[in-house]
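Accompanying notes for the structure given below.
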Amino acid sequence: MTPKTMDGKASKRRPGLRDPRLKIVLAAVAGFLAWHSGVVGLGVYLAVLTGLAMVLRGGRVPLQTALRRGAVFAGFWAVAKLLLTVWEGASWQAASVDAGVLGLRLLVLMGIGFALADSASPREMALGVASMLRPVLGKRAWRPALSLALMIHFLPVAMALHERTAVAMAARRVERSRWVRFQLRVSSWLGGLSREASSQAMAVAARGLDREEAWRVPMPVHAVEWLSGFALLVLLYLAGRV
(Lines give C-alpha, C1' and ligand atoms only; values in the text may rest on other atoms or scores of the structure.)
Protein backbone atom coordinates (compact mmCIF):
# COMPACT_ATOMS: atom_id res chain seq x y z
CA MET A 1 0.00 0.00 0.00
CA THR A 2 1.42 3.36 -1.02
CA PRO A 3 2.07 5.64 1.97
CA LYS A 4 0.23 8.95 2.06
CA THR A 5 1.23 12.37 3.21
CA MET A 6 -0.75 14.41 5.73
CA ASP A 7 -2.85 15.92 2.96
CA GLY A 8 -3.87 12.52 1.66
CA LYS A 9 -1.69 12.48 -1.45
CA ALA A 10 0.36 9.43 -2.24
CA SER A 11 4.09 9.87 -1.76
CA LYS A 12 6.86 8.24 -3.74
CA ARG A 13 8.71 5.55 -1.85
CA ARG A 14 12.35 6.44 -1.40
CA PRO A 15 15.03 3.89 -2.09
CA GLY A 16 17.05 2.51 0.81
CA LEU A 17 15.99 2.16 4.44
CA ARG A 18 12.28 1.54 4.99
CA ASP A 19 11.89 1.57 8.77
CA PRO A 20 11.22 5.17 9.89
CA ARG A 21 12.40 4.34 13.41
CA LEU A 22 15.83 3.53 12.04
CA LYS A 23 15.89 6.76 10.04
CA ILE A 24 15.06 8.75 13.18
CA VAL A 25 17.84 7.03 15.13
CA LEU A 26 20.34 7.61 12.34
CA ALA A 27 19.42 11.29 12.06
CA ALA A 28 19.64 11.82 15.83
CA VAL A 29 23.04 10.14 16.11
CA ALA A 30 24.34 11.91 12.99
CA GLY A 31 23.27 15.26 14.44
CA PHE A 32 25.02 14.52 17.73
CA LEU A 33 28.20 13.44 15.96
CA ALA A 34 28.13 16.44 13.64
CA TRP A 35 27.86 18.84 16.57
CA HIS A 36 30.98 17.32 18.16
CA SER A 37 33.08 16.66 15.04
CA GLY A 38 35.89 18.73 13.60
CA VAL A 39 36.23 20.57 10.32
CA VAL A 40 37.25 17.50 8.32
CA GLY A 41 34.42 15.43 9.75
CA LEU A 42 31.92 18.17 8.96
CA GLY A 43 33.28 18.29 5.43
CA VAL A 44 32.69 14.55 5.09
CA TYR A 45 29.11 14.90 6.38
CA LEU A 46 28.46 17.77 3.98
CA ALA A 47 29.80 15.69 1.09
CA VAL A 48 27.44 12.84 2.05
CA LEU A 49 24.51 15.27 2.23
CA THR A 50 25.43 16.65 -1.19
CA GLY A 51 25.37 13.11 -2.56
CA LEU A 52 21.97 12.53 -0.98
CA ALA A 53 20.74 15.75 -2.57
CA MET A 54 21.55 14.27 -5.97
CA VAL A 55 19.65 11.07 -5.14
CA LEU A 56 16.62 12.47 -3.29
CA ARG A 57 15.17 14.56 -6.10
CA GLY A 58 11.61 15.78 -6.36
CA GLY A 59 10.76 15.20 -2.71
CA ARG A 60 8.47 17.26 -0.52
CA VAL A 61 11.52 19.07 0.87
CA PRO A 62 14.08 19.10 -1.98
CA LEU A 63 17.42 18.68 -0.26
CA GLN A 64 19.26 20.77 -2.85
CA THR A 65 16.98 23.74 -2.20
CA ALA A 66 17.16 23.15 1.55
CA LEU A 67 20.98 23.19 1.50
CA ARG A 68 21.05 26.43 -0.47
CA ARG A 69 18.69 28.14 1.95
CA GLY A 70 20.44 26.55 4.88
CA ALA A 71 23.68 28.09 3.66
CA VAL A 72 22.09 31.55 3.87
CA PHE A 73 20.84 30.86 7.41
CA ALA A 74 24.16 29.38 8.53
CA GLY A 75 26.06 32.25 6.90
CA PHE A 76 24.00 34.80 8.82
CA TRP A 77 24.83 33.22 12.16
CA ALA A 78 28.46 32.72 11.15
CA VAL A 79 28.78 36.45 10.44
CA ALA A 80 27.05 37.25 13.74
CA LYS A 81 29.48 34.94 15.54
CA LEU A 82 32.43 36.57 13.76
CA LEU A 83 31.43 40.10 14.74
CA LEU A 84 30.63 39.13 18.33
CA THR A 85 33.95 37.30 18.77
CA VAL A 86 35.92 40.22 17.34
CA TRP A 87 33.98 42.65 19.56
CA GLU A 88 34.99 40.53 22.58
CA GLY A 89 38.65 41.07 21.68
CA ALA A 90 39.64 38.06 19.57
CA SER A 91 41.72 38.43 16.41
CA TRP A 92 40.02 38.38 13.02
CA GLN A 93 41.82 35.16 12.08
CA ALA A 94 40.73 33.23 15.16
CA ALA A 95 37.22 34.66 14.96
CA SER A 96 36.95 33.69 11.30
CA VAL A 97 37.88 30.08 12.08
CA ASP A 98 35.32 29.82 14.90
CA ALA A 99 32.61 31.44 12.80
CA GLY A 100 33.35 29.20 9.83
CA VAL A 101 33.11 26.06 11.95
CA LEU A 102 29.83 27.23 13.45
CA GLY A 103 28.35 28.00 10.02
CA LEU A 104 29.44 24.63 8.64
CA ARG A 105 28.06 22.82 11.67
CA LEU A 106 24.68 24.56 11.38
CA LEU A 107 24.52 23.78 7.67
CA VAL A 108 25.21 20.08 8.29
CA LEU A 109 22.61 19.90 11.08
CA MET A 110 19.95 21.51 8.91
CA GLY A 111 20.87 19.21 6.04
CA ILE A 112 20.41 16.17 8.28
CA GLY A 113 17.00 17.42 9.37
CA PHE A 114 15.82 18.07 5.83
CA ALA A 115 17.22 14.72 4.64
CA LEU A 116 15.17 13.01 7.34
CA ALA A 117 12.04 14.93 6.30
CA ASP A 118 12.66 14.07 2.64
CA SER A 119 13.28 10.35 3.25
CA ALA A 120 9.67 9.50 4.16
CA SER A 121 6.20 10.99 4.36
CA PRO A 122 5.10 12.79 7.54
CA ARG A 123 2.71 9.93 8.25
CA GLU A 124 5.50 7.34 8.09
CA MET A 125 7.81 9.35 10.33
CA ALA A 126 5.01 9.94 12.85
CA LEU A 127 4.18 6.24 12.95
CA GLY A 128 7.82 5.56 13.77
CA VAL A 129 7.75 8.10 16.60
CA ALA A 130 4.51 6.66 17.96
CA SER A 131 5.98 3.17 17.94
CA MET A 132 9.12 4.34 19.78
CA LEU A 133 7.19 6.34 22.39
CA ARG A 134 4.44 3.79 23.06
CA PRO A 135 6.44 1.82 25.70
CA VAL A 136 6.83 5.10 27.64
CA LEU A 137 3.63 7.07 26.95
CA GLY A 138 1.26 4.21 26.24
CA LYS A 139 -2.00 5.33 24.61
CA ARG A 140 -0.85 8.97 24.62
CA ALA A 141 2.02 8.27 22.19
CA TRP A 142 -0.08 9.34 19.19
CA ARG A 143 -0.22 12.98 20.35
CA PRO A 144 3.48 13.88 19.91
CA ALA A 145 3.47 11.70 16.77
CA LEU A 146 0.67 13.76 15.25
CA SER A 147 2.45 16.98 16.25
CA LEU A 148 5.61 15.80 14.50
CA ALA A 149 3.68 14.82 11.38
CA LEU A 150 2.08 18.25 11.16
CA MET A 151 5.40 19.98 11.73
CA ILE A 152 7.12 17.98 8.98
CA HIS A 153 4.19 18.65 6.68
CA PHE A 154 4.29 22.39 7.27
CA LEU A 155 8.03 22.78 6.51
CA PRO A 156 7.67 22.55 2.71
CA VAL A 157 4.26 24.23 2.85
CA ALA A 158 5.71 27.29 4.57
CA MET A 159 8.58 27.44 2.07
CA ALA A 160 6.23 27.15 -0.90
CA LEU A 161 3.87 29.80 0.47
CA HIS A 162 6.76 32.20 0.98
CA GLU A 163 7.91 31.68 -2.60
CA ARG A 164 4.41 32.19 -4.01
CA THR A 165 3.97 35.35 -1.95
CA ALA A 166 7.24 36.78 -3.25
CA VAL A 167 6.34 35.90 -6.85
CA ALA A 168 2.87 37.44 -6.49
CA MET A 169 4.26 40.69 -5.12
CA ALA A 170 6.87 40.87 -7.88
CA ALA A 171 4.22 40.22 -10.54
CA ARG A 172 1.96 42.96 -9.17
CA ARG A 173 4.89 45.38 -8.96
CA VAL A 174 4.04 46.77 -5.57
CA GLU A 175 5.75 50.17 -5.56
CA ARG A 176 6.14 50.86 -1.87
CA SER A 177 9.05 51.21 0.53
CA ARG A 178 11.01 48.13 1.50
CA TRP A 179 9.49 48.18 4.98
CA VAL A 180 5.95 48.28 3.61
CA ARG A 181 6.70 45.50 1.12
CA PHE A 182 8.17 43.44 3.95
CA GLN A 183 5.02 43.94 6.04
CA LEU A 184 2.79 42.99 3.12
CA ARG A 185 4.81 39.88 2.41
CA VAL A 186 4.76 38.74 6.04
CA SER A 187 1.04 39.39 6.45
CA SER A 188 0.21 37.53 3.22
CA TRP A 189 2.46 34.64 4.24
CA LEU A 190 0.90 34.38 7.70
CA GLY A 191 -2.57 34.51 6.17
CA GLY A 192 -1.70 31.63 3.86
CA LEU A 193 -0.32 29.62 6.78
CA SER A 194 -3.50 30.26 8.75
CA ARG A 195 -5.67 28.96 5.90
CA GLU A 196 -3.43 25.92 5.49
CA ALA A 197 -3.62 25.19 9.22
CA SER A 198 -7.43 25.31 9.12
CA SER A 199 -7.46 22.99 6.10
CA GLN A 200 -5.13 20.51 7.79
CA ALA A 201 -7.20 20.51 10.98
CA MET A 202 -10.26 19.43 8.97
CA ALA A 203 -8.18 16.86 7.07
CA VAL A 204 -6.87 15.32 10.30
CA ALA A 205 -10.39 15.02 11.72
CA ALA A 206 -11.82 13.65 8.43
CA ARG A 207 -9.17 10.92 8.21
CA GLY A 208 -9.54 9.94 11.85
CA LEU A 209 -5.96 10.85 12.76
CA ASP A 210 -7.09 12.46 16.00
CA ARG A 211 -7.75 9.04 17.55
CA GLU A 212 -5.29 6.62 19.10
CA GLU A 213 -6.44 3.69 16.93
CA ALA A 214 -5.15 5.40 13.77
CA TRP A 215 -1.58 5.23 15.05
CA ARG A 216 -1.47 1.53 15.90
CA VAL A 217 0.13 0.12 12.76
CA PRO A 218 2.27 -3.05 12.94
CA MET A 219 5.95 -2.21 12.36
CA PRO A 220 8.07 -5.35 12.23
CA VAL A 221 11.81 -5.14 12.79
CA HIS A 222 13.93 -6.25 9.84
CA ALA A 223 17.23 -7.53 11.22
CA VAL A 224 19.21 -7.00 8.00
CA GLU A 225 18.05 -3.40 7.74
CA TRP A 226 18.94 -2.59 11.34
CA LEU A 227 22.34 -4.27 10.99
CA SER A 228 22.96 -2.11 7.93
CA GLY A 229 21.94 0.92 9.94
CA PHE A 230 24.34 -0.04 12.71
CA ALA A 231 27.16 -0.36 10.17
CA LEU A 232 26.26 3.09 8.85
CA LEU A 233 26.40 4.48 12.39
CA VAL A 234 29.92 3.10 12.76
CA LEU A 235 30.93 4.79 9.51
CA LEU A 236 29.40 8.09 10.67
CA TYR A 237 31.29 7.82 13.94
CA LEU A 238 34.59 7.18 12.17
CA ALA A 239 33.93 10.07 9.79
CA GLY A 240 33.25 12.39 12.68
CA ARG A 241 36.50 11.40 14.36
CA VAL A 242 38.59 12.45 11.35
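The values are calculated or read from the model by the stated rules, or taken from the named source; none is laboratory data. Predicted, not measured: the structure shown is a model, and the values here were computed from it. Every residue, glycine among them, receives a Cβ derived from its backbone with ideal geometry; neighbour counts consider all protein chains shown. Surface accessibility is based on the protein's heavy atoms, side chains included, excluding ligands, DNA and RNA. Shrake-Rupley method; radii C 1.70, N 1.55, O 1.52, S 1.80 Å.
Restricting the stretch 31-85 to residues that are among the charged types (D, E, K, R) and part of a helix (DSSP H, G or I), which is modelled with the highest pLDDT?
So, considering only residues that are among the charged types (D, E, K, R) and part of a helix (DSSP H, G or I), the one modelled with the highest pLDDT is 81.
Taking residue 169, is it under 30 Å from residue 130 (Cβ atoms), surrounded by fewer than 17 Cβ atoms within 10 Å (Cβ to Cβ) and modelled with pLDDT under 75?
So residue 169 fails the test.
How about the stretch 174-192: which of its residues are in a helix (DSSP H, G or I), of a type outside the set (S, T, N, Q) and either more than 24 Å from the chain's Cα centre (by Cα) or surrounded by 15 or more Cβ atoms within 10 Å (Cβ to Cβ) (or both)? Lay out the reasoning, then the answer.
Step one: list which residues in the stretch 174-192 are in a helix (DSSP H, G or I), which gives 178-192.
Among the residues that remain, those that are also of a type outside the set (S, T, N, Q) are: 178-182, 184-186, 189-192.
Listed by number, the residues that qualify are 178, 179, 180, 181, 182, 184, 185, 189, 192.
Would you say residue 104 is touching a Ser or Thr at 6+ places or on another chain (Cβ under 8 Å), within 23 Å of residue 32 (Cα to Cα) and in a helix (DSSP H, G or I)?
no
Answer yes if at least one residue in the stretch 160-173 is under 30 Å from residue 36 (Cα atoms), over 23 Å from the mean Cα position of the chain (by Cα) and touching a residue at least 12 places away in the same chain (Cβ under 8 Å), and no otherwise.
Restricting attention to the stretch 160-173, the residues satisfying the condition of being under 30 Å from residue 36 (Cα atoms) are none.
Scanning the stretch 160-173, I find no residue that is under 30 Å from residue 36 (Cα atoms), over 23 Å from the mean Cα position of the chain (by Cα) and touching a residue at least 12 places away in the same chain (Cβ under 8 Å), so the answer is no.
Filter the stretch 112-135 down to the residues that are open to solvent by less than 10 Å² (accessible area, probe 1.4 Å) and in contact with a Phe, Trp or Tyr (Cβ under 8 Å, 6 or more places away or on another chain) and list them by number.
Of everything in the stretch 112-135, those that are open to solvent by less than 10 Å² (accessible area, probe 1.4 Å) and in contact with a Phe, Trp or Tyr (Cβ under 8 Å, 6 or more places away or on another chain) turn out to be 126, 130.
Answer yes or no as to whether residue 108 is closer than 17 Å to residue 42 by Cα, at pLDDT 80 or above, open to solvent by less than 40 Å² (accessible area, probe 1.4 Å) and β-branched (Val, Ile, Thr).
Values: closer than 17 Å to residue 42 by Cα: yes; at pLDDT 80 or above: yes; open to solvent by less than 40 Å² (accessible area, probe 1.4 Å): yes; β-branched (Val, Ile, Thr): yes.
Answer is yes for this residue.
Name the residue, out of 94, 90, 80, that is closer than 23 Å to residue 37 by Cβ, open to solvent by 30 Å² or more (accessible area, probe 1.4 Å) and touching an Asp or Glu at 6+ places or on another chain (Cβ under 9 Å).
Unique residue meeting the criteria: 90.
Under the condition of being assigned to a helix (DSSP H, G or I) and open to solvent by less than 50 Å² (accessible area, probe 1.4 Å), which residue from the stretch 197-227 is nearest to residue 159 (Cα to Cα)? Break it down stepwise before answering.
Our first condition is that a residue be assigned to a helix (DSSP H, G or I); within the stretch 197-227, this holds for 197-206, 212-215, 223-227.
Narrowing the set further to residues that are open to solvent by less than 50 Å² (accessible area, probe 1.4 Å) leaves 197, 200, 203-204, 212, 214-215, 225.
Numbers: 197: 14, 200: 16, 203: 20, 204: 21, 212: 30, 214: 28, 215: 28, 225: 33 Å.
Looking at residues that are assigned to a helix (DSSP H, G or I) and open to solvent by less than 50 Å² (accessible area, probe 1.4 Å), I get 197.
Do we have residue 230 as within 30 Å of residue 42 (Cα to Cα) and open to solvent by less than 80 Å² (accessible area, probe 1.4 Å) here?
No; evaluated as a whole, the condition is false for this residue.
So that you can scan it fast, the table gives a plain yes or no per residue for (1) under 16 Å from the mean Cα position of the chain (by Cα); (2) touching a residue at least 40 places away in the same chain (Cβ under 8 Å):
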site: 98; (1), (2): no, no
site: 103; (1), (2): no, no
site: 111; (1), (2): yes, yes
site: 115; (1), (2): yes, yes
site: 119; (1), (2): yes, yes
site: 125; (1), (2): yes, yes
site: 131; (1), (2): no, yes
site: 134; (1), (2): no, no
site: 137; (1), (2): no, no
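With the structure loaded, tell me whether residue 196 is closer than 20 Å to residue 23 by Cβ, modelled with pLDDT of 75 or more and of a type in the set (Asp, Glu) or whether it fails that test.
no
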